[in-house]
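Report on the structure given below.
The values are calculated or read from the model by the stated rules, or taken from the named source; none is laboratory data. What you see is a predicted model, and the numbers here were worked out from it, not measured in a lab. Cβ placement follows ideal geometry from the backbone for every residue including glycine, while neighbour counts extend to all protein chains displayed.
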Amino acid sequence: MQFGGLKALSEFSLTLEPGELVGLIGPNGAGKTTAFNAITGVYTPTSGDVHICGKRVNGLRPHQICGHGIARTFQNIRLFKELTALDNVRVACHHGRNAGFAASFFRTKGFLDDEARITKRALEFLDVMGLGRLRDERAKNLPYGEQRRLEIARALATGPKILCLDEPAAGMNASEKVALMELIRKIRDDFKLAILVIEHDMRLVMGISERLVVLDHGVTIAKGAPEVVRKNPKVIEAYLGDSYLEEKHIAVPAHSGELMVDDGTPADEPSVKEVQA
Ligand SMILES: Nc1ncnc2c1ncn2[C@@H]1O[C@H](COP(=O)(O)OP(=O)(O)OP(=O)(O)O)[C@@H](O)[C@H]1O
């Protein structure tokens, strides 16, 4: 994905298997959101291919790609702020359906039955995300963490095979983050989805992902199981940065040991001590 002279994403190849939970990590500006945008049709990749279940979807519009089974959430929450939580999810349940003007205008029995089914289904998604009691609240009045969960409920309601979550725990406190990550894993298990999650907090994402892909400057610098990736010197260097390491007086030799420092939040002493040279 190239923007003028800038290659925001140049070496990126990822296959998501059914039911897999993969973490996409990397420092600020590494190209993570660009990868999501290229996969979900927000951008048309300037080269390369995106396939969903064998079908090439490059150049399709986001709603068409969603119709092929990829749903996503955004780093900056994009809810229908004036609609209730329930209606935000109902809209997604309607995805790809068209009742027809006459049926909706005359509110035929078939139309009303359909609407009742959609409401029931939307309530189930709200309950999955622990938002059932807030069904009639306008999205804009929900606390930040609940808006994030509502976005996930809405994405789930489109019936995806693959769910892409862009920093779903951003802005949450530590215990909310842990609870959300556990919920994400449960969603994967219950709905049998593949999930690709961008998360800045390395410890969190390593805790739930079977596999990690690490980007830096648009290039994949490491892939694999979390316990392998976290020992990768390139990842340690890219993620923490030389200045950070100098500041903390941490030496990272070519074949360094464990890395257990959260990114994006000030590293506390116990985490730093876990960086074993
Ligand atoms: N529409 C765009 N036009 C020009 N440059 C862009 C555009 N979108 C992203 N970029 C650039 O591409 C690079 C990768 O950005 P991207 O947002 O994908 O990084 P990121 O890994 O998601 O970062 P962060 O963790 O801060 O969200 C950055 O240099 C960014 O400025």
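Here are the numbers for the structure shown:
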{"read-out": "Filter result for ILE70 (crowded, with 18+ Cβ neighbours inside 10 Å and within 16 Å of the ligand (Cβ to nearest atom))", "value": "no"}
{"read-out": "Residue under evaluation THR119, criteria (1) surrounded by fewer than 21 Cβ atoms within 10 Å (Cβ to Cβ); (2) of a type in the set (Val, Ile, Thr); (3) under 21 Å from VAL205 (Cβ atoms), criterion not met", "value": "(3)"}
{"read-out": "Qualifying positions in region 173-200 - free of Cβ contacts under 8 Å to residues at least 60 places away in the same chain and within 13 Å of GLY130 (Cβ to Cβ)", "value": "GLU176, ALA179, LEU180, GLU182, LEU183, LYS186, ILE187"}
{"read-out": "Filtered residue count, region 160-176, keeping only those that are outside any loop (DSSP other than H, G, I, E, B), buried (at least 18 other Cβ atoms within 10 Å of the Cβ) and more than 16 Å from the ligand (Cβ to nearest atom)", "value": "2"}
{"read-out": "Residue list for region 28-57, restricted to those being under 21 Å from ASN232 (Cα atoms) and either touching a Phe, Trp or Tyr at 6+ places or on another chain (Cβ under 6 Å) or not in a loop (DSSP other than H, G, I, E, B) (or both)", "value": "LYS32"}
{"read-out": "Qualifying residue in region 6-22 (condition: hydroxyl-bearing (Ser, Thr, Tyr), away from the ligand (no atom under 16 Å from the Cβ) and within 23 Å of MET202 (Cα to Cα))", "value": "yes"}
{"read-out": "Counted residues, region 220-230 - those being outside any helix (DSSP H, G or I) and buried (at least 17 other Cβ atoms within 10 Å of the Cβ)", "value": "4"}
{"read-out": "Candidates ARG188, ARG154, ARG148 - the one that is part of a helix (DSSP H, G or I), out of contact with any Cys (no Cβ under 6 Å at 6 or more places or on another chain) and within 16 Å of the ligand (Cβ to nearest atom)", "value": "ARG148"}
{"read-out": "Residue within region 219-230 that is under 27 Å from PRO45 (Cα atoms), at pLDDT below 85 and within 16 Å of the ligand (Cβ to nearest atom) present", "value": "no"}
{"read-out": "Every pair of residues 6+ apart whose Cβ atoms lie under 6 Å, when the first sits in region 14-42 and is under 18 Å from ARG211 (Cα atoms) while the second is near the ligand (Cβ under 9 Å from one of its atoms) and among the basic types (Lys, Arg)", "value": "LEU24/LYS32; GLY26/LYS32"}
{"read-out": "Leading residue by the ranking (nearest to the chain's Cα centre (by Cα)) among those in region 23-42 that are within 8 Å of the ligand (Cβ to nearest atom) and β-branched (Val, Ile, Thr)", "value": "THR33"}
{"read-out": "Subset of region 196-218 [within 12 Å of the ligand (Cβ to nearest atom) and surrounded by fewer than 20 Cβ atoms within 10 Å (Cβ to Cβ)]", "value": "HIS200, ASP216, HIS217"}
